[in-house]
1. Take the Cβ-Cβ distance between residue A:511 and residue B:90 as r, set R0 to 45 Å, and report the resulting FRET efficiency rounded to the nearest 0.05.
2. What is the mean number of Cβ atoms from other protein chains located within 10 Å of the Cβ atom of each residue in peptide A:126-139, rounded to a whole number?
3. Among rounded, prolate and oblate, which fits region A:41-98 when a ≥ b ≥ c are the square roots of the eigenvalues of its C-alpha gyration tensor, a/c under 1.5 means rounded, and a/b larger than b/c means prolate?
4. Using a Debye calculation, one point per C-alpha and no hydration shell, please list log10 I(q)/I(0) for chain B at q = 0.09, 0.16, 0.18 Å⁻¹ in order.
5. Taking each pair of distinct Cα atoms in region A:390-564 once, what is the resulting Kirkwood hydrodynamic radius in Å?
6. Can you sort A:384, A:558 so the residue with the fewest Cβ neighbours within 10 Å comes first?
7. Relative contact order (percent) for chain B, with alpha-carbon contacts under 8 angstrom and 6 or more residues of separation?
8. Restricting to bridges with both residues inside the protein assembly as shown, how much of the DSSP beta-bridge set is antiparallel, in percent to the nearest 5?
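Read the figures in this text as sums done on the coordinates, not as results from a lab. All values derive from a computational prediction rather than experimental measurement. Here the Cβ positions follow ideal geometry from the backbone for every residue, glycine too, while neighbour counts run over all protein chains shown.
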Ligand SMILES: Cc1ncc(C[n+]2csc(CCOP(=O)(O)OP(=O)(O)O)c2C)c(N)n1
Ligand SMILES: [Mg+2]
């Protein structure tokens, strides 16, 4: 996935298309033509009064634009985001005015926090009515302002092409993010003389930052002199397409690599230099050794509080190099010693030849010693529990072993999400679609159908909790209608497990509103014509997963999980990353 | 340590940009003590001048977050010694109060104020100056009976004038490669 690269492609097609035919067409039709020029072939959305002119025209373009009707606008938003994460091209999402637009907000915010390019198109009431509290009028521009990279309203058909061109350029360049264009109904009906020019430049916005070689040389000196360097790889590595460069860098310098949740597929986990996930439920070694490292090289990550734990006790021994495309993220949470405000791939490519070859075996051994401790205390009991109830970790491991990393892994939010992050072995071939910054329950099911719509050429497997599943389960209807081949693993503990864990650990075991009486999920899937089976015994597990993966269409496997299992290790709230809790009870 | 900062910034004159800027400040609980918006020396470019009181660390954080906004061209942060700034104020005072004694003469000579309008009931006095000077004059006029008092937000230029001009030049040069035409007036 590489949004920058798709941007380069932009420039070349621009030459070809800059003198597109001029003809009188409606604003609605112009919108669809603009999308086609931007390489869009799939739209997720939901119709309504104000956007009807656009939907009417969609029928005429159904050979080039596939519209997937979700069952809720939130679902459309998550699906469009997942589509973007799988294809590397901006997702597109349509919604009508008023409630249609407000239903998108969670999805927009989710894409914003995880830096995913999605172009949201909302319809607005006729321009003369805007501001009058007309039927289904809502100020979506104002509402979406804090959660979009940019937004704009269009009230004249003639402004549609330029605004859409800007929207795509802004969404995918620099640090990617969602944008929203609100188009009044009369602008959709009005005619314009159509021509399209891709946007490649905005005066007030310059996503391409000149490279300061000096800083990169300083970074090389710092790395070459460090005894205990540690790389922290984030989503930015994937967004900038820098995974190969990261690997080359780590190998040349013999530097261990830890990853954030969204950065997990940035580095192959079977690699000897991979030392695990950072943060609250991350691995023992990288958390503890963050506080012994003498140099931290943070690449495309933003020192989220879930990663750093208590900031006052974070990385006290380390100097910090921060390679990050968004200047506002540098020195925001953690004071750094060297900032390199640029695209990760550019920086790593320039840095690589300046690096001295080293092995740093002694430092890497320290990670392995702690790994052993974590394996004995946490990983083995979780993945090979023996006679006990089924645990999430062993389910994830089973799927991981069968797929060998060659899959698109989707998750919802909660304990199961952390189990996937901890026990799925991601590789160069994996894509992870999960809600990181927002932690949006209900993300998983719609995201899985969005991911599968991107034709990734590998299975799309969604791990979803019983709680989150019921937040957006209406999307089973979408999966049924379009026969989208998603494989759903419902990890059912009959609890809002993650909240229950906190209640157990920090609220004296008082389970306030976290236990759920659940429906028959297999019957529910059956009602949607989706094949399903339930697993209650360990012996059935791998066979059920095999059946699921071999099935042609969508398939749901519900696994009955021990009700009160905890995700460990844990950096408890307020604790330092080196004060990890390994066992509880 | 908290201190007073003047944030001056240039933006495209797009609808909504002011909301986006204030959202960044309100999220961090920073009060805008004064704000002035006007067209800058460059056509189509708005200039905003805001006064805030906060820590050096925080002012830098919000300034980079503001500069990151797509429609913001450039942000400058200055402490008070680095700028020359003025506010303007209008005082509407009862004529009876002001006419007694030598007040009127003092106004012009000591306070460098101007008389804008004289009627039998009231006199309107105008003064530009820094915040303290304007507040001082208000105290002086208070005994005469102040009917109305308004002051503007702050406008400011930096002491290193070069900085701004150089940036506008850069913009202009960058512009040569770009599609939109930019006219620099001074
Ligand atoms: C929309 C939303 N509401 C509430 C939460 C808070 N929350 C985080 S995890 C969680 C429990 C999730 O339960 P479930 O989906 O069953 O997953 P489990 O933790 O049991 O694996 C809740 C309520 C959230 N993240 N998102
Ligand atoms: Mg659950």
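1. So the FRET efficiency works out to roughly 0.10.
2. Shielding by partners across A:126-139 averages 0.
3. Taking the square roots of the gyration eigenvalues as a ≥ b ≥ c, region A:41-98 is oblate.
4. Listed by q, the Debye log ratios stand at -0.44, -0.99, -1.12.
5. Final number for the Kirkwood radius of region A:390-564 is 16.0 Å.
6. A:384, A:558
7. 25
8. Around 45 percent antiparallel, to the nearest 5.
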